[in-house]
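> Dropping a structure here in structure tokens format, bear with me for questions.
The values are calculated or read from the model by the stated rules, or taken from the named source; none is laboratory data. Here the structure is a predicted model, which means the values were calculated and not measured. Cβ: placed from backbone, ideal geometry, glycine included. Neighbour counts: every protein chain shown.
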Amino acid sequence: MITEDRIRDALWAVTDPEIGYSIIDLGLVYGIEIDQEAGTVKVRMTLTSPMCPMGPEIMSAADMRMRQVPGVNDARIELVWDPPWDPRKHASADVKFALGIYDEI
């Protein structure tokens with residue numbers, strides 16, 4: 001059975017080579033849709049910027065990792081720019097700390 005957790009675990013291995021953190025921890029994955037019957041997965045994701053030079057590499061790695069999940073017959077990535085990625089809103093607490101982004105007290 002394909003689950004969102006299994007897809008997230010697979011995508012966690014995909015890192016942004018320029019920043020060195022997982023696309024999951026960076027908050028670049030906005031949504032996951034699964035069709036169990038067809039074995040298809042669609043991921044809505046963004047990049048750190050529209051001109052991200054590593055975008056094609058990141059998306060290719062994400063596609064490959066999703067296709068390795070048992071039961072996945074087809075994987076698609078929908079690249080979105082809305083909402084724009086903002087590490088203060090989307091990144092995990094560990095990434096925020098590493099990037100020097102601190103929540104206001």
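> Just to be sure I understand, how many residues within the stretch 30-57 are out of contact with any strand residue (DSSP E or B) (no Cβ under 6 Å at 6 or more places or on another chain) and either crowded, with 17+ Cβ neighbours inside 10 Å or under 24 Å from I19 (Cβ atoms) (or both)?
12
> Can you confirm whether S60 is assigned to a loop (DSSP other than H, G, I, E, B) and of a type in the set (S, T, N, Q)?
The answer is no for S60.
> Would you pick out the residues in the stretch 64-105 that are among the charged types (D, E, K, R), surrounded by fewer than 16 Cβ atoms within 10 Å (Cβ to Cβ) and free of Cβ contacts under 8 Å to residues at least 24 places away in the same chain?
Of everything in the stretch 64-105, those that are among the charged types (D, E, K, R), surrounded by fewer than 16 Cβ atoms within 10 Å (Cβ to Cβ) and free of Cβ contacts under 8 Å to residues at least 24 places away in the same chain turn out to be R67, D82, D86, R88, D103, E104.
> For the stretch 12-57, name all the residues that are charged (D, E, K, R), assigned to a strand (DSSP E or B) and in contact (Cβ under 8 Å) with a residue 40 or more places away in the chain.
D16 - this is the single residue of the stretch 12-57 that is charged (D, E, K, R), assigned to a strand (DSSP E or B) and in contact (Cβ under 8 Å) with a residue 40 or more places away in the chain.
> Which number in (1) modelled with pLDDT under 95; (2) under 25 Å from G100 (Cβ atoms) marks the one condition that M1 misses?
So M1 meets the others, but not (2).
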